[in-house]
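The values are calculated or read from the model by the stated rules, or taken from the named source; none is laboratory data. Computed from a prediction, not measured in an experiment: that's the story for all the values here. Here the Cβ is made from the backbone with ideal geometry for all residues, glycine too, and neighbour counts use every protein chain on show.
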């Protein structure tokens with residue numbers, strides 16, 4: 001089952017990326033840019049979160065791994081991140097200027113080459129967080145939102 005979930009996560013990242021790329025450019029018609037972006041449809045017909053959704057705390061929560069990467073949970077509170085499992089370490093989350101993705105950087109001792117930094121994106125339903133780690137050969141890792149209250153003790 002884990003392999004199937006990983007394949008679904010990979011497909012979600014590809015679909016989200018295709019939606020972002022398809023939205024680039026313009027017709028040069030000079031139309032006014034809206035101040036609030038509605039969710040955008042990706043190539044698969046689902047709706048990706050708008051920049052406002054992701055930047056307004058959409059990634060906050062306790063996320064349970066759907067993969068066998070070693071990380072059991074990823075907790076996000078504002079710009080703070082904490083992983084549990086292997087590796088278990090603190091980190092930071094920096095939203096991208098677009099707001100629909102964020103950069104995760106973990107501060108593990110010793111550093112974990114497969115989980116040092118990556119890009120996170122929410123799926124359209126806000127119930128899966130997809131992280132593509134920089135040193136993981138481009139294979140995304142899926143996390144499922146739990147009902148647990150996110151808490152990071154300093």
Only one of (1) at pLDDT below 90; (2) on the phi > 0 side of the Ramachandran plot; (3) in contact with a helix residue (DSSP H, G or I) (Cβ under 9 Å, 6 or more places away or on another chain) fails for residue 67. Which number is that?
-> (2)
Evaluate the following for residue 82: is it in contact with a strand residue (DSSP E or B) (Cβ under 9 Å, 6 or more places away or on another chain), modelled with pLDDT of 85 or more and surrounded by fewer than 19 Cβ atoms within 10 Å (Cβ to Cβ)?
-> no
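For residue 130, state whether it is touching a helix residue (DSSP H, G or I) at 6+ places or on another chain (Cβ under 6 Å) and under 16 Å from residue 76 (Cα atoms).
Numbers: touching a helix residue (DSSP H, G or I) at 6+ places or on another chain (Cβ under 6 Å): yes; under 16 Å from residue 76 (Cα atoms): yes.
Against the criterion (touching a helix residue (DSSP H, G or I) at 6+ places or on another chain (Cβ under 6 Å) and under 16 Å from residue 76 (Cα atoms)), residue 130 qualifies.
Condition check: assigned to a loop (DSSP other than H, G, I, E, B) and closer than 17 Å to residue 60 by Cβ. Does residue 84 satisfy that? Give the steps one after another, and end with the answer.
Working: assigned to a loop (DSSP other than H, G, I, E, B): no; closer than 17 Å to residue 60 by Cβ: yes.
No, not satisfied.
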Do you know which residues across the stretch 62-77 are surrounded by 13 or more Cβ atoms within 10 Å (Cβ to Cβ) and in a loop (DSSP other than H, G, I, E, B)?
-> 66, 67, 69, 70
